[in-house]
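Following: one structure in structure tokens, then a few remarks.
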Amino acid sequence: MYPNRKFYWRMALAVLLLFMLVTPAVAQVTTTITLQDTTILPLSLAYDATSGRFFMGTRADGTVYVVAADGTTQPFITDSALTSASVLYIDTARNWLFVLDSGFGGMMGMGGFGGQGQPPEGGQGQGQPPADSQFPQSSLRLFAFDLATAAKVLDVDLAAVAPDGPKMATSIAVDKDGFIYVTDSLAGVIYRVDSAGNALYLADQQFASQMSRFEGGQPPSGDTGQGQGQPPADDQGQGMGLGRMGGFGLSAIVYHPDGLLIVVKSDDNTLYKIPLDNPQNVTPITVAPALTAANRLALLADGRLAVISAQDGAVNILTSSDAWSTASVSATLSAGSSITALAASGQTLYLLQVSAAASSDSQSAPLASSAIVSLAVP
């Protein structure tokens, strides 16, 4: 059963707030594009350096817009199969625009590249959610569209290979061989997809997010398999409060040309590196000084890593001299306020600022003040 429209907009706003980075500091801005349409509540952003176009996606209806320099917007993708556009990514080699259609759904499990999400033999059962739970079941699909024609060229159902449990895909990266990587914050996995749409996933205990709220309680006493369990004593079957969901895990991923994936896990504020020649060797990156509330990542053309803090809105620029076993903060810039998405091209960061306010009609979309800010990194 799907939630009503009012409920959906509340959920969309809650997820939007998850990615907002709030700080009163003034950004070191080179260009700002203010969106003219205040009824659009954007969540995702991508910049195509080849054509000089910005693309912006919405969670509410899945529309992907092209944003002009004067702030006007034109729909670019309105595919009926796309219900949200929570993450965008430009693949310049193939001239593709990747779009993640992602939300919550299911229950939790573990695996590895090629794993199908079953718990290990003799593992602890996860239990079941209350039968009357209002938790929405959403799509988990990866699309790609041709940037020249907007034709759909790829449609991958990640849920078909995903582990059981809550799911929310949060970021995309592409390596030099064209493999696509997608982080799942709630399932605690990284999906790997080839150009033909074949998908596997990598799981590691270090990726696991703290989502016990939706595991439906503990299995029966003595049960070492897939026990049914009972909901927590104080669970009235709603299962929706963001304040009780626990920490969100993997929130961003980048591919580094040294043959590494670098991911950030927000609930324990840790960066990890994953060598693609040995993806089971997941190791934390020691950062000095320690980061706070690391949330979004972008790789600059010179190989430095930009990490945005959700606590103070700072953009920390990281360098490494030992293949990202350790890293140091070489510069800290101001990102501005209410940042929901981050993209990069060359030495420039592009930040999507969104401040949402409820509309006068509670059944309608909220109004939004949105802008794309360019931040030059020296």
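Listed by first and then second residue, the pairs with beta-carbon distance under 6 Å, at least 6 apart or on different chains, first residue in region 311-322 and touching a residue at least 60 places away in the same chain (Cβ under 8 Å), second in a strand (DSSP E or B), are Ala314/Thr332; Val315/Ala306; Val315/Ile308; Val315/Leu333; Ile317/Ala306; Ile317/Ser330; Ile317/Ala331.
Here Leu260 does not qualify as farther than 18 Å from Asp204 by Cβ and in contact (Cβ under 8 Å) with a residue 24 or more places away in the chain.
Looking at region 38-84, which of its residues are out of contact with any helix residue (DSSP H, G or I) (no Cβ under 9 Å at 6 or more places or on another chain), under 18 Å from Leu367 (Cα atoms) and in a loop (DSSP other than H, G, I, E, B)? Result: Thr38, Thr39, Ile40, Asp61, Gly62, Thr63, Gly71, Thr72. Return yes or no: is Met1 crowded, with 18+ Cβ neighbours inside 10 Å, at pLDDT below 90 and in a loop (DSSP other than H, G, I, E, B)? No, not satisfied.
Residues that are modelled with pLDDT under 95 and over 13 Å from Val193 (Cα atoms) were ranked within region 141-182; the one that is surrounded by the fewest Cβ atoms within 10 Å (Cβ to Cβ) is Asp164.
Checked against the criterion of being over 18 Å from Leu97 (Cα atoms) and among the basic types (Lys, Arg), the candidates Lys152, Lys176, Lys167 yield just one match: Lys167. Looking at Thr286, Thr340, Thr292, just one residue is part of a strand (DSSP E or B) and at pLDDT below 90, and that residue is Thr340.
The values are calculated or read from the model by the stated rules, or taken from the named source; none is laboratory data. This one's a predicted model, so the numbers in the text were calculated from it and none came from an experiment. Counting neighbours? That spans all protein chains shown, and the Cβs are built from the backbone with ideal geometry, glycine included.
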